[in-house]
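A short worksheet on the structure shown next.
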Amino acid sequence: MHYRFRAIRYSISLFAFIFLFLPISIHWEAFRFFLQATRQWCLSVLSGNSLADASRESARFLANNPTRIPAFISVHRVTAASPTCTISAPTGGATVSGASTSVTANATGATSAGTPRSVQFYLDVDPVAAYADIINGATDTQGFPAPGFDENGLLPTAHRLGTLDTTSPYGITWDTLATANGSHTLSCVTKNRYGQMTLGSPVSITVSNGDTTPPTIAQVTAVPSVSRDNTPNYTFSSTEAGTIGYTGDCSSSTTSATASNNTITFNTLARGVHSNCSLIVTDSSSNPSSPLSVSSFVVTYASDLNQDRSVDILDYGLLHSNYGTANAAGDINFDGTVNVLDYGVLHAEYGGTV
Ligand SMILES: [Ca+2]
Ligand SMILES: [Ca+2]
Ligand SMILES: [Ca+2]
């Protein structure tokens, strides 16, 4: 019985659909009252100017509302012309910057009945794709949002700029710092009480906020994990020139970085573990890089030739075997020669551990 009733309702719907598609002009408020009172049973299609529009809208409503099969489908042409929307500020070709750029639009209706009710601004909307969105139905005729569209029934949110403005004069404040420098377009969409929407012509502008990109820095050559040198070198790369800042145990007389590899020499470090060193490069526009953490290292005794963190007979053996050469493996005082002076340092540090 239920299916039979539904079949009858479908038949009635089809019948009504075919014969009620007429250019009926009725007072909108009276019609809306009727709609509110009967919305469970009557789907009213505000068509454009073709039967195809009405057919598409009806089919989409039925697809989106399978439990709300209407008994009647009435079709009404909207007689008001679509509203228009133009960006009034910034003007085309303008260069904008900062966190508080005012974006305004003029939205007008051809008739008082078609007065715009809202404006939504968009950034970098492709007009062709946007019109496709509108034509495909961002909202159904009773105000129910179509799948994938917001309740406002406008375009998808990806390119929305600010929130829907429902109060004239229409405008928003745009934080251009969130937008990449370069050319962009601003667009507005206005909508009237009938749901008719128009995308205004895009306005091309340029965002210019100077350099907002911080340098990127990375470790190239770490300090050896055990260093006999208490003023070790350290090499890092930077994508930009800038000023080097040091934190932790490490510091250096080098405070300028170039946009390449940079080798710095740390100021004299105490013997022991240094695990808290980091550095930052700040570019000329005061954009600081993320801190670069220097890999942990140990400064041991200069006499710890085998770098096992203790000065003992093993180091004595290395010194002895390299004696009289220029081998770094036995050069404790870093003077390029292994001689009695190195013995003197080893003697003084003998027995030390870190
Ligand atoms: Ca920069
Ligand atoms: Ca040693
Ligand atoms: Ca030496």
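When VAL345, VAL338, VAL298 are checked against the criterion of being in a helix (DSSP H, G or I) and either over 49 Å from the mean Cα position of the chain (by Cα) or under 28 Å from VAL220 (Cβ atoms) (or both), VAL345 stands alone in meeting it.
Out of region 330-349, which residues are more than 11 Å from ligand 3 (Cβ to nearest atom) and more than 19 Å from VAL298 (Cβ to Cβ)?
If the condition is that a residue be more than 11 Å from ligand 3 (Cβ to nearest atom) and more than 19 Å from VAL298 (Cβ to Cβ), then HIS347, ALA348 are the ones that fit.
As a summary of the residue check, THR258 satisfies the conditions (1) crowded, with 17+ Cβ neighbours inside 10 Å; (2) under 17 Å from ASN287 (Cβ atoms) except for the one numbered (1). Only one of the numbered conditions (1) touching a residue at least 60 places away in the same chain (Cβ under 8 Å); (2) in contact with a Phe, Trp or Tyr (Cβ under 8 Å, 6 or more places away or on another chain) is not met by VAL220, and that is (1).
Taking region 256-282 as the range and being in a loop (DSSP other than H, G, I, E, B) and within 16 Å of ligand 1 (Cβ to nearest atom) as the test, the residues that pass are THR258, ALA259, SER260. In region 268-310, of all residues being among the small types (Gly, Ala, Ser) and within 16 Å of ligand 2 (Cβ to nearest atom), the one that is surrounded by the most Cβ atoms within 10 Å (Cβ to Cβ) corresponds to SER303. If you scan region 169-178, which residues turn out to be surrounded by 18 or more Cβ atoms within 10 Å (Cβ to Cβ) and farther than 19 Å from GLY200 by Cα? Of everything in region 169-178, just one residue is surrounded by 18 or more Cβ atoms within 10 Å (Cβ to Cβ) and farther than 19 Å from GLY200 by Cα, namely THR176. State yes or no: is LEU314 of a type outside the set (Val, Ile, Thr) and either surrounded by 15 or more Cβ atoms within 10 Å (Cβ to Cβ) or within 16 Å of ligand 3 (Cβ to nearest atom) (or both)? It is false that LEU314 is of a type outside the set (Val, Ile, Thr) and either surrounded by 15 or more Cβ atoms within 10 Å (Cβ to Cβ) or within 16 Å of ligand 3 (Cβ to nearest atom) (or both).
Out of SER295, SER285, SER289, which single residue is modelled with pLDDT of 95 or more, under 30 Å from THR213 (Cα atoms) and within 16 Å of ligand 1 (Cβ to nearest atom)? When all the criteria are applied, what remains is SER289.
The values are calculated or read from the model by the stated rules, or taken from the named source; none is laboratory data. The shown structure was predicted, so the numbers you read here are calculated from the model rather than taken from an experiment. All Cβ positions, even for glycine, are placed from backbone atoms using ideal geometry, and neighbour counts span all protein chains on display.
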